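Student: Below is one structure. I have some questions about it.
Any read-out appearing in this document is the output of simple, stated calculations on the displayed coordinates, not a laboratory observation. Computed from a predicted structure; not experimentally measured. In this analysis, Cβ positions are derived from the backbone assuming ideal geometry, glycine residues included, and neighbour counts consider all displayed protein chains.
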Amino acid sequence: MKLPPDIKQLEELLHSSKFVAGGFLGDDPRPLLEIIEHDLAELAMLGYSLAQVADRMDEISRRALQGHGMAVQIDQTLSAVADESRGVLVCPWHDNQHFGKTVITATRGTTSVRWSDLSLHLIRAHGFFQGRGSAFRIEPRQLVSVIFPPQRAFSMDTYICKACGYIYNPATGDPLNNVPPNTPFDKLPHNWCCPMCGAPKRMFKRRTSQA
């Protein structure tokens, strides 16, 4: 992520409509650096890096372009369509990058996000999802929920060791092995062992209502 030395000058440029109508910052009152830091922190909290997000957006863009204006199925519940327009957009960071005006719209269920080639570049190179109120502002949480398949929900069931009868309860975790509370059995490391008898993870079975 590159930030130029004259942040104030860049902010003025991003607020202006020199490159896009309404500017890149929209009506967001926050300083540029605060916007970027907040969005990167939210992305990290969601468990994704800028590279992962940008690579996935790029993959979806490439596949959408193959549809020539028709929706393309990306996975079971995700589709994307490319709207190609003439003209170029210039990156406001002055890194001599020019981009076409193609817009990708990705839809999962009833939720859609859209981005241009320039939007993708701003995210990958500068960690900039644009300001709130901008026409192409992308909320990191919404973007992640659309472009990545839903994560499998992990069971919070209790499991019993078939060797000694120890019961693993996700609510309490396993303090002896530094497993924090609210850790599902499915999320335990493969080399995790019973804290009572040392039996391997495969020796556990899900408890039934009669267990």
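Student: How big is the shadow of the Cα convex hull of region 77-198, averaged over all directions, in nm²?
Tutor: Hull-based average projected area comes out at 11.7 nm².
Student: Moving on to the next point. What are the residues whose amide H is under 5 Å from the amide H of G131, where those residues sit 5 or more places off or on another chain and H is modelled from the backbone?
Tutor: L25, G26
Student: Binning every alpha carbon pair distance of region 159-206 at 10 Å from zero, what are the percents per bin?
Tutor: 30, 65, 6
Student: Mind checking the angle between helix 32-45 and the chain's longest principal axis? C-alpha axes, 0 to 90 degrees, to the nearest 10.
Tutor: Helix 32-45 sits roughly 30 degrees off the main axis of the chain.
Student: Okay, next question. Using the Kirkwood radius over Cα pairs, work out the Stokes-Einstein diffusion coefficient for the chain at 37 °C and 0.692 mPa s, in µm²/s as a whole number.
Tutor: After rounding, the answer is 162 µm²/s.
Student: Got a sec? How would H121, H38, H190 order by Cβ neighbour count within 10 Å, fewest to most?
Tutor: H190, H38, H121
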